[in-house]
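Okay, structure first, notes after.
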Amino acid sequence: MPEELLARVKELRHLLHKWNHEYHVLDQPSVSDAEYDKALNELVRLEEENPSLQSEDSPSQRVGGAPLSVFEKVEHTTPMLSLGNAFNEEDLRDFDRRVRQGVGNEVSYVAELKIDGLAVSLRYEDGLFIQGATRGDGSVGEDITQNLKTIRSIPLRLSKPVSIEVRGEAFMPKKSFISLNEQKEELGEEPFANPRNAAAGSLRQLDPKLAAKRNLDIYVYGIGNPATTGVNSHSGGLDLLDELGFKTNNERKKCSNIDEVIEFTSSWVEKRPALPYEIDGIVIKVDSFEQQDELGFTAKSPRWAIAYKFPAEEVVTRLVDIELNVGRTGVITPTAILEPVRVAGTVVKRASLHNEDLIREKDIKLGDYVIVKKAGDIIPEVVHVLLEKRTGEEKDFLMPTHCPECNSELVRLDEEVALRCINPECPAQIREGLIHFVSRNAMNIDGLGERVIAQLFQEKLISNVADLYRLQKDQLVAMERMGEKSATNLIEAITTSKKNSLEKLLFGLGIRHVGAKAAKTLAQHFETMEKLQSATIDDLVAINEIGEKMAEAVVTYFHKPEVVHLIDELKALGVNTDYTGPKLVNVEDIDSFFAGKTIVLTGKLEILTRNEAKEKIELLGGKVAGSVSKNTDLLIAGEAAGSKLDQAKKHGVEVWNEERLVLELNK
DNA sequence: TTACCTCGAGTTCA
DNA sequence: CTCGAGGTAA
């Protein structure tokens, strides 16, 4: 290989990297577009002619590589959580109060624009972009590396060889959206509904060459593994991201109190339309990482951040009808059928009305003009009726007295708002139950959607969940819109689902009060269906997280003769009924001082954060409680311990200092 | 709840 | 080529 060639390729890459950064990140181009394109074309040509020169971080990657056949799943190293929402000033002040209660009054916040796009994660190793993924459910997303590489403001190589995972929001600028839709219309194609959908659609293309044409952009706003970077605050993290060559959003402000935050949010309500991209709110984060750690997380979101959402767009339309649906549990849900109307970027035709009380409370009549908005900008909601638009032609809506599907009498169980069909043979309930059984969190049978289930049920090919495992391929092929290929895939998916761990089956069965979480707890504790079937109420209540209601529901369920029969059938058909997930370690089996003990932390800890301490204790089988009682085994008293220390003395509880705790933890 | 992409089925036309 | 289903995102 001629040396000049190698040198030229290197030079081109260097120049293109530099120009790219100037243009897309700094917004200060030093060369014309034509010059850039010329260099890029030369590089692409040289690499094509000399395949040995190709490289993952070459700017030539921006034009899009070979099409993919599927998106691979990727597990995020640290989960991508969603944020809690604030809809008004009061919510923000509540948030501030909670934060200061946790970490004291010395708090600064960083307020940033919340870009309306798609959350993505970007992984770099030794400064090289190696993988990009969607958020997915927070822990597992899809690998969209090839498409993300076509976004010019994503650096393929960082200014320093660090290994880092960053998070950002990919979006389509308003301008690109408008011109893309103009192009589409010229070609006679359907335009995209809004920039966010356009961006999402672009990133879901299997062919990255198409994504490359879509002019997407990104703002990077966070680091997944900040502990490894040496920075100690969110604002420091953003500065680091700038330094590494990422594009961050400059419209951010460090605020020393909540009033400044509120002023920032309200100033953007007016400035929002003038931005070249869409935003749907403001994100507020506690700046200090130490304080973030101290605040920790709730089950679904960090306690140190919140998303302020701009007031939702409200639109007037007419409610033409109310439809009734029977759910899996027999609950009757009324749904408003609306005259189609555009709200917040999409056309809304229906909105759930939840129950009869809500209809009465809002005094909704058929034919009323109503205000509609999208709560959290996603779920449509009828806000209220426009009484002044009443003509007298409106009709009262009456809840039915009988099930719309099986015509049996509906009942309202005491203290419940819902009206229910309690006929266990109600076809609607059976059908919905089957749909639930195959759904993702339950048995997860791919290719079996609502429609196919409804069709199978209609044609009496299945009448309970065991029948699914009796289906034959030729029965499927005989159905409408079901060919050889689909049928094979479906049978395969059904067979695969037999191997599922017990909790999936338990959740799928749809026992009252047993959701995905409880199903897992039960499966972990009992490990086999037989043991669970013979459990008594006392056995169940003894388990943490299982209350009386749930215990009763479980016992009642397994005592029904038809359930016993169903489970026998499933077993005979080869469905696994054992727990096959990671083994739950029995607390008594842990060889640790903390096993089975209840520990309370108080005062200011110096070595560990409160959360770290809690996690470590729980890992060793201990339980961390909030206040001291006679059941407390041990109190860890940090600096300036207060009333809890007195309480402990009163109850004769053993007291340790933090050092002693750390020693024991590290044993 | 709606929009978007992808896939397979079924139809139409060369 | 069109249609409808499934899966994913917000």
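The values are calculated or read from the model by the stated rules, or taken from the named source; none is laboratory data. Note that the coordinates shown come from a computational prediction; the quantities given were computed from them, not determined experimentally. All Cβ positions, even for glycine, are placed from backbone atoms using ideal geometry, and neighbour counts span all protein chains on display.
Some notes on this structure:
- Here segment A:372-387 is the region considered, the condition is being surrounded by fewer than 17 Cβ atoms within 10 Å (Cβ to Cβ) and away from DNA strand B (no atom under 16 Å from the Cβ), and the residue that is nearest to A:ALA312 (Cα to Cα) is A:HIS384.
- Selection of segment A:345-371 for residues being in contact with a strand residue (DSSP E or B) (Cβ under 7 Å, 6 or more places away or on another chain) and near DNA strand B (Cβ under 10 Å from one of its atoms) yields A:VAL347, A:VAL348, A:LYS349, A:ARG350, A:ALA351, A:SER352, A:LEU353, A:HIS354.
- Segment A:460-499 - residue that is under 18 Å from A:GLU425 (Cβ atoms) and of a type outside the set (A, V, I, L, M, F, W, C) and, of those, nearest to DNA strand B (Cβ to nearest atom): A:LYS460
- Considering segment A:436-458, the residues that are farther than 14 Å from A:LEU490 by Cα and small (Gly, Ala, Ser) include one that is farthest from DNA strand C (Cβ to nearest atom), namely A:ALA442.
- Only one of the listed residues (A:ARG451, A:ARG440, A:ARG412) is away from DNA strand B (no atom under 16 Å from the Cβ) and among the charged types (D, E, K, R). That residue is A:ARG412.
- Residue selected from segment A:82-107 under the condition within 24 Å of the chain's Cα centre (by Cα) and in a loop (DSSP other than H, G, I, E, B), by the criterion surrounded by the most Cβ atoms within 10 Å (Cβ to Cβ): A:LEU83
- For the criterion of being more than 13 Å from DNA strand C (Cβ to nearest atom), in the same structural domain as A:PHE507 (by TED's automatic domain parsing) and crowded, with 17+ Cβ neighbours inside 10 Å, A:LEU461 passes.
- Test result for A:ARG342, near DNA strand B (Cβ under 10 Å from one of its atoms) and either under 29 Å from A:GLN429 (Cα atoms) or among the aliphatic types (A, V, I, L, M) (or both): no
- Of the criteria (1) in contact (Cβ under 8 Å) with a residue 60 or more places away in the chain; (2) more than 30 Å from A:ILE178 (Cβ to Cβ), which one A:ASP259 fails: (1)
- Positions within segment A:513-547 being more than 15 Å from A:SER501 (Cα to Cα), touching a helix residue (DSSP H, G or I) at 6+ places or on another chain (Cβ under 6 Å) and either surrounded by 17 or more Cβ atoms within 10 Å (Cβ to Cβ) or free of Cβ contacts under 8 Å to residues at least 24 places away in the same chain (or both), in sequence order: A:GLN533, A:ILE537, A:LEU540, A:VAL541, A:ILE543, A:ILE546
- Listed by first and then second residue, the pairs linking a residue in segment A:438-452 that is assigned by TED's automatic domain parsing to the domain that holds A:SER501 and under 21 Å from A:GLY515 (Cβ atoms) to a residue that is modelled with pLDDT under 90 and more than 6 Å from DNA strand C (Cβ to nearest atom), with Cβ atoms under 6 Å apart and 6 or more places separating them unless they lie on different chains, are A:ASN441/A:ALA516.
- The lone exception for A:LYS517 - which of (1) in a loop (DSSP other than H, G, I, E, B); (2) more than 13 Å from DNA strand C (Cβ to nearest atom); (3) not hydrophobic (A, V, I, L, M, F, W, C) it fails: (1)
- Neighbours by Cβ (under 6 Å, 6+ apart or cross-chain): first from segment A:183-204, in contact (Cβ under 8 Å) with a residue 12 or more places away in the chain; second near DNA strand B (Cβ under 6 Å from one of its atoms): A:ALA193/A:THR346; A:ALA198/A:PHE192
- Test: residue in segment A:521-538 that is within 23 Å of A:LEU471 (Cα to Cα) and not hydroxyl-bearing (Ser, Thr, Tyr): no
- For beta carbons closer than 9 Å, sequence separation of 6+ or different chains, a first residue in segment A:466-477 that is in the same structural domain as A:HIS436 (by TED's automatic domain parsing) and a second that is outside any helix (DSSP H, G or I) and of a type in the set (Val, Ile, Thr), the qualifying pairs are A:ALA466/A:VAL575; A:LEU468/A:ILE445; A:LEU468/A:ILE462; A:TYR469/A:VAL575; A:ARG470/A:ILE462; A:LEU471/A:ILE462.
- Checked across segment A:265-286, the condition of being farther than 28 Å from A:ALA344 by Cβ and among the acidic types (Asp, Glu) holds for no residue.
- Taking every residue in segment A:344-356 that is assigned by TED's automatic domain parsing to the domain that holds A:ALA193 and pairing it with any residue that is of a type in the set (D, E, K, R), at least 6 positions away or on another chain, yields no pair with a Cβ-Cβ distance below 6 Å.
- Some residue of segment A:333-341 being within 30 Å of A:ARG252 (Cα to Cα) and in contact (Cβ under 8 Å) with a residue 12 or more places away in the chain: no
- Leading residue by the ranking (farthest from DNA strand B (Cβ to nearest atom)) among those in segment A:64-81 that are among the small types (Gly, Ala, Ser) and loosely packed, with under 15 Cβ neighbours inside 10 Å: A:ALA66
- Among the residues of segment A:400-435, the ones that are touching a strand residue (DSSP E or B) at 6+ places or on another chain (Cβ under 8 Å) and within 16 Å of DNA strand C (Cβ to nearest atom) come to 1 in all.
- Checked against (1) at pLDDT 95 or above; (2) closer than 30 Å to A:SER266 by Cβ; (3) more than 16 Å from DNA strand C (Cβ to nearest atom), A:ASN88 passes all but condition (1).
- Restricting segment A:310-320 to residues that are surrounded by 15 or more Cβ atoms within 10 Å (Cβ to Cβ) and either modelled with pLDDT under 95 or of a type in the set (A, V, I, L, M) (or both), the residue that is farthest from A:GLU425 (Cα to Cα) is A:PHE310.
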